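Okay, so here's the structure we're looking at.
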Amino acid sequence: MPIIEYETTIDAPPKFVSEVFYDFASFPNWNSLIHRLVPTQTDSSGKPVVGSKVELLLHMGNAAKPMVWEGVSTVTRADAEGFGWQGSLGHKFIFRGVHKFEITPAPTEDGQPASTVFKHSEKMTGILSGPVYAILSRKTRAAYAKMNEEMKTEAEKRFASANSADSARDA
């Protein structure tokens, strides 16, 4: 059961990071991995409904010649603390990927969630999981690391902008 995971600390509170993450429409502007993420069903807050489908377009590797995956997966989680989907190649016993994003408070001395741990992972199962992992793990790991760094940059930029606007309004 191969697992690929990468995490980074973002200097913004978890609630804010979650809001940035769920802004799927902005992904093409900053996210080099997930070029399209379109839920087929959302709840009143705009989050995908667990059990519904999500249409995905992923690019990994060299931007000039990326490995592209396009498909439909099933939403397994959609809340303020995380998001996930799972998809299969053929039957789940052949290959299944379980993709997760976790948004958790980073430990602080005063107990206030001033920053966030953003964790991105995929667990592969099925008879092809070993060969798929062997072939794709390097590109996938690099793509996840890059996306996490892009998430960090985007969330911190938006958080700084929101704080600047609040400070200007209070002055």
At 20 °C and 1.002 mPa s, what whole-number value in µm²/s does Stokes-Einstein give for the translational diffusion of the chain, with Rh from the Kirkwood sum over Cα pairs? 126
Using 7 Å Cα-to-Cβ label points, what is the Arg138/Ile3 separation (nm, one decimal)? 2.4
Between Ser44 and Lys65, what is 0.36 nm times their sequence separation minus the Cα-Cα distance? Round to one decimal in nm. 3.7 nm
Pull up all non-local amide H partners of Ser115: gap of 5 or more, or a different chain, and H-to-H distance under 5 Å with H placed in the peptide plane. Ala106
At a Förster radius of 41 Å, what calculated FRET efficiency corresponds to the Cβ-Cβ distance of Lys123 and Ser164, to the nearest 0.05? 0.55
Within the set Lys65/Lys152; Lys65/Lys119; Lys119/Lys146; Lys100/Lys152; Lys47/Lys100; Lys65/Lys92, which residue pairs have Cα atoms separated by over 23 Å? Lys65/Lys152; Lys65/Lys119; Lys65/Lys92
With r as the distance between the Cβ atoms of Glu19 and Leu57 and R0 = 25 Å, compute the FRET efficiency 1/(1 + (r/R0)^6) and round to 0.05. 0.65
Lys and Arg at +1, Asp and Glu at -1: neighbours of Thr74 with Cβ under 14 Å from its Cβ sum to +4
What length, rounded to one decimal in nm, is gained on full extension from Ser26 through to Ser88, with 0.36 nm per residue of separation minus their alpha-carbon distance? 19.7 nm
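Each value in this text was obtained by applying a stated rule to the coordinates, not by laboratory testing. Everything quoted here is computed from the prediction, not taken from an experiment. Cβ coordinates were reconstructed from backbone atoms using ideal geometry, including for glycine residues, and neighbour counts include every protein chain displayed.
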